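**Q** Here's a structure for you.
The values are calculated or read from the model by the stated rules, or taken from the named source; none is laboratory data. Bear in mind the structure is a predicted one, so any value in this text is a computation, not a measurement. Cβ coordinates were reconstructed from backbone atoms using ideal geometry, including for glycine residues, and neighbour counts include every protein chain displayed. Each accessible area value is taken on the protein alone, full model and side chains, heavy atoms only, with ligands, DNA and RNA left out. Shrake-Rupley method; radii C 1.70, N 1.55, O 1.52, S 1.80 Å.
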Amino acid sequence: MARRKGNRAAVTPRSEARPKLLSIVCPAYNETENLAAFVVSVEACMRAIAQPFEIVFVNDGSSDGTLELMNRLRQTHGRIAIVDLSRNFGKEIATTAGLDQAKGDAVVVIDADLQDPPEIIAEMIAGWREGYDVVYARRRERHGDGPVKKLTAALFYRVIHRVGAVEVPENVGDFRLMSRKAVDAVCSMREQHRFMKGIFAWIGFPSMEVLYDRAPRAAGTTKWNYWRLWNLSIEGITSSTLAPLKFSTYFGFATALVAFVSGAFFIVKTLFFGDPVPGFPTLVVVVLFLGGIQLMVLGVIGEYLGRVFNETKRRPLYFATEVYPSDAGSGWPTVRKAV
Ligand code: UDP
Ligand code: MG
């Protein structure tokens, strides 16, 4: 069931049976309905395999009572760290903020809505023990996604496979376990335009996949509408490849060639047969066509130029209002009060 990728020769089983500490990074934006169930479920799974862990919650500028709930859970459960971001930065940056705070020698990235089943973490740890640095979960079926979402997702992966410099595995989200080595690699990449799937693929390292069924959201609604997904796709392509710029160049050449050939054709035609009908409509079509292509190509260049502009500002990725550490590393189990 599990597939191994990367340089298998480099994989030597680890001497430890399990990570000394597993950090579970969970970005959350307006997740009051899910967090309590999430903590209970993660705790049960970790207890079942006797795995010491900490949960690193990132409050991504929620506008409901998510932060208060996180604080309450932290009071009662211990082993919970909270990074309270100063505003909504989006999932990619929230995940990075969590990774920055994670102390474990292995780290799992997981969604708060229980769409990523915590039960899979045990399988991921088995992969870690085998020596893999990245164990990612691949969805078997896209339950809960409509036909349009399935189609657009398939189209996106096809495009990124074609033009991308690195291979982004299909139907794989951010749900994964990473060794300390892999986490440090991800954290060292501080670009503003973060397409996590691209970054995770770019770092390399021996990786392995486990399959799972993605359940529909436990509660609440998805934060991704089609506009955000479209922007994520553009981010995914422009942050990992220069192919659209090359494509623009060749497209420009091809159009110029067509213009040249048809120009020559019209000159020859006029010389031999004259020009009885003034070609006004043709002219309008050609001008509009060329104008359209020029604007499109300028748009593509603009996408890249804008990214260069944002990166040159060298701003920090995020600001945290407050960071509350977990009490991980102080014995097991640390449930301060019964729930
Ligand atoms: N999320 C976040 N910031 C955002 C949007 C989402 O931290 O701006 C979190 C959200 O709370 C959840 C995870 O990212 O834990 C995945 O979000 P969602 O379930 O909306 O995405 P989907 O599962 O539909 O891809
Ligand atoms: Mg979700």
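**Q** Scan the stretch 34-63 for residues that are away from ligand 2 (no atom under 16 Å from the Cβ) and of a type in the set (Asp, Glu) and jot them down.
**A** Filtering the stretch 34-63 for residues away from ligand 2 (no atom under 16 Å from the Cβ) gives 36, 39-40, 43-56, 59, 61, 63.
Listed by number, the residues that qualify are GLU43, GLU54.
**Q** Please determine, by comparing only the residues of the stretch 200-222 that are open to solvent by 50 Å² or more (accessible area, probe 1.4 Å) and under 25 Å from LEU114 (Cα atoms), which one is farthest from ligand 1 (Cβ to nearest atom).
**A** Looking only at the stretch 200-222, we keep the residues that are open to solvent by 50 Å² or more (accessible area, probe 1.4 Å), and these are 202, 205, 213, 216-218, 221-222.
Still in the running and under 25 Å from LEU114 (Cα atoms): 213, 216-218, 221-222.
Numbers: ASP213: 14, PRO216: 9, ARG217: 6, ALA218: 10, THR221: 7, THR222: 3 Å.
Top of the filtered list is ASP213.
**Q** Another question, then. State the number of residues belonging to the stretch 271-287 that are at pLDDT 85 or above and among the hydroxyl-bearing types (Ser, Thr, Tyr).
**A** Number of matching residues: 0.
**Q** Give, as residue ranges, the strands (runs of 3 or more DSSP E) completely inside the stretch 1-116 that count at least 3 residues that are aliphatic (A, V, I, L, M), more than 16 Å from ligand 1 (Cβ to nearest atom) and surrounded by 15 or more Cβ atoms within 10 Å (Cβ to Cβ). Give the derivation first.
**A** Working: elements: 3-5, 22-28, 53-59, 80-85, 106-109.
Once the strands (runs of 3 or more DSSP E) in the stretch 1-116 are filtered for at least 3 residues that are aliphatic (A, V, I, L, M), more than 16 Å from ligand 1 (Cβ to nearest atom) and surrounded by 15 or more Cβ atoms within 10 Å (Cβ to Cβ), nothing remains.
**Q** Find all pairs meeting these conditions: Cβ atoms under 8 angstrom apart; at least six residues apart or on different chains; first residue within the stretch 223-239 and free of Cβ contacts under 8 Å to residues at least 60 places away in the same chain; second residue open to solvent by less than 80 Å² (accessible area, probe 1.4 Å) and within 16 Å of ligand 2 (Cβ to nearest atom).
**A** Qualifying pairs under 8 Å: TRP224/LEU232.
**Q** Looking only at the stretch 135-155, decide whether some residue is more than 12 Å from ligand 1 (Cβ to nearest atom), out of contact with any His (no Cβ under 9 Å at 6 or more places or on another chain), among the acidic types (Asp, Glu) and modelled with pLDDT of 90 or more.
**A** no
**Q** Tell me, which residue of the stretch 118-129 that is touching a helix residue (DSSP H, G or I) at 6+ places or on another chain (Cβ under 8 Å) and over 12 Å from CYS26 (Cα atoms) is farthest from ligand 1 (Cβ to nearest atom)? Talk me through it step by step, then tell me what you get.
**A** So the first thing to find is which residues in the stretch 118-129 are touching a helix residue (DSSP H, G or I) at 6+ places or on another chain (Cβ under 8 Å), and the list is 118-119, 121-122.
When the remaining residues are screened for being over 12 Å from CYS26 (Cα atoms), the result is 119, 121-122.
Details: GLU119: 17, ILE121: 16, ALA122: 21 Å.
Only one residue fits best here, namely ALA122.
**Q** Could you identify the single residue in LYS150, LYS91 that is touching a residue at least 24 places away in the same chain (Cβ under 8 Å), charged (D, E, K, R) and within 16 Å of ligand 2 (Cβ to nearest atom)? Reasoning before the result, please.
**A** On the way: LYS150 fails: touching a residue at least 24 places away in the same chain (Cβ under 8 Å).
Residue meeting the stated conditions: LYS91.
**Q** If we scan the stretch 232-251, do we find a residue that is modelled with pLDDT under 85, within 16 Å of ligand 2 (Cβ to nearest atom) and under 21 Å from ARG139 (Cβ atoms)?
**A** Checked the stretch 232-251: at least one residue is modelled with pLDDT under 85, within 16 Å of ligand 2 (Cβ to nearest atom) and under 21 Å from ARG139 (Cβ atoms).
**Q** A further question follows. Counting only residues that are in contact (Cβ under 8 Å) with a residue 12 or more places away in the chain, surrounded by fewer than 21 Cβ atoms within 10 Å (Cβ to Cβ) and of a type outside the set (D, E, K, R), how many does the stretch 126-147 have? Reasoning before the result, please.
**A** Step one: filter the stretch 126-147 for residues in contact (Cβ under 8 Å) with a residue 12 or more places away in the chain, giving 127-144.
Still in the running and surrounded by fewer than 21 Cβ atoms within 10 Å (Cβ to Cβ): 129-131, 138-144.
Next, from what is left, pick out any that are of a type outside the set (D, E, K, R): 131, 143-144.
Qualifying residue count, the stretch 126-147: 3.
**Q** Tell me whether the stretch 266-276 contains one or more residues that are outside any loop (DSSP other than H, G, I, E, B), in contact (Cβ under 8 Å) with a residue 24 or more places away in the chain and over 25 Å from MET178 (Cα atoms). Outline the logic, then answer.
**A** So the first thing to find is which residues in the stretch 266-276 are outside any loop (DSSP other than H, G, I, E, B), and the list is 266-273.
This time we only want the ones that are in contact (Cβ under 8 Å) with a residue 24 or more places away in the chain, so: none.
The answer is no; no qualifying residue exists.
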